[in-house]
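Here's the structure, in structure tokens; my notes come after.
Just so it is clear, none of the values below were taken in a lab; they were calculated from the coordinates. Quick caveat: nothing in here was measured; it's all calculated off a predicted structure. Positions of Cβ are generated from backbone atoms using ideal geometry, with glycine treated the same way; all protein chains shown enter the neighbour counts.
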Amino acid sequence: MKAVARVRRTWIVNGEERKLSVAPMRRLLDILRADLGLYGAKEGCGEGECGACTVLINGEPRVACLTVAAQIPDGTEILTIEGLADTAEGRILQEAFVSGGAVQCGFCIPGMLMAAYALLLNNSEPSEEDVRRALAGNLCRCTGYVNIVKAVLAAARRLNETHRAESQGEQA
């Protein structure tokens, strides 16, 4: 039996440097869950269709079920749902989902939050259409998306209010 080659990788996962030795074609989803104990990204379809495994790689949303170790170079920053609450924006977004009734069964929510977070990092005043486009790769069977879209828009408003208040405080 031939030994499987391994690649050594050093990634920044949720702000923490993680050194790994993994098979090059091993899925990021499996590495996160089995090797790093980060269970927030879910395997829904395993084909990149449902978005339940969405994480941010260098700030861009990617499905972890289709991303393999060989595609992720050293120094890459990976943000999972577990690291989202470490950011003020992430906490505001999570609070908006809870207070807006955007969470039902919760299976899709990690991917939804990660896609929404990526949107808000790049677009501080998204339209409803912008939100729907950003979430298009994430499937939900419970909510019908209405409250999810409203929660993202509410989070954007709150983030803008917070940023305005902070900038006014700096000017004083």
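Note on K150: aspartates and glutamates with a C-alpha under 18 Å away, same-chain residues under 8 apart excluded, are E89, E95, E125, E128, E129, D130, E161. Out of every Cα-Cα pair that the stretch 87-171 contains, those further apart than 16 angstrom amount to 47 percent. Panel order for I109, I57, by other beta carbons found within 10 Å of each beta carbon, from fewest to most: I57, I109. Stretching the chain fully between E161 and V4 yields a gain of 51.3 nm (0.36 nm per residue, less the alpha carbon separation). What is the angle, in °, between the Cα long axis of helix 146-171 and the longest principal axis of the Cα atoms in the chain? Nearest 10 is fine, range 0 to 90. For 146-171 against the chain, the angle is about 70 degrees.
Volume per residue of the convex hull around the Cα atoms, evaluated for the stretch 57-119, comes out as 86 Å³. Each Cα pair under 8 Å and six or more residues apart adds its sequence gap; the mean of these over the residue count of the stretch 7-83 is a relative contact order of 40 percent.
Amide H contacts of V13 (H built 1.01 Å from N, in plane; Pro and chain starts excluded): R18, I78 sit under 5 Å, all sequence-distant by 5 or more or on other chains. With θ taken as phi - 60° and the Karplus curve 6.51 cos²θ - 1.76 cosθ + 1.60 applied, the whole-hertz 3J(HN,Hα) list for the stretch 23-34 is 5, x, 9, 6, 6, 4, 4, 5, 5, 4, 6, 7 Hz, x standing for glycine and proline.
Legend: Rg and Dmax of the chain, from Cα coordinates, 17.2, 70 Å.
Let me check I've understood the local charge: for C108, count other residues with C-beta under 9 angstrom from its C-beta, Lys and Arg +1, Asp and Glu -1. What total comes out? Before the final figure, lay out the partial values.
On the way: positive: K42, R141; negative: none.
Taking every other residue near C108 into account, the sum is +2.
Counting only DSSP beta bridges whose two residues both lie in the chain, roughly 90 percent are antiparallel. Order by neighbour count: V152, V146, V68, fewest other Cβ atoms within 10 Å first, most last. By the 10 Å Cβ count, ascending: V146, V68, V152. Each principal axis of the stretch 7-83 carries a Cα extent, and these read 29, 24, 21 Å when sorted largest first.
Exposure proxy ranking for K2, K150, K19, based on other Cβ atoms within 10 angstrom of each Cβ and starting from the fewest, stands as K2, K19, K150.
Residue farthest toward the positive end of the dipole of the chain, with Cβ of Lys/Arg at +1 and Asp/Glu at -1: which of V103, A115, A69? Projecting each Cα onto the dipole axis, the largest value belongs to A69.
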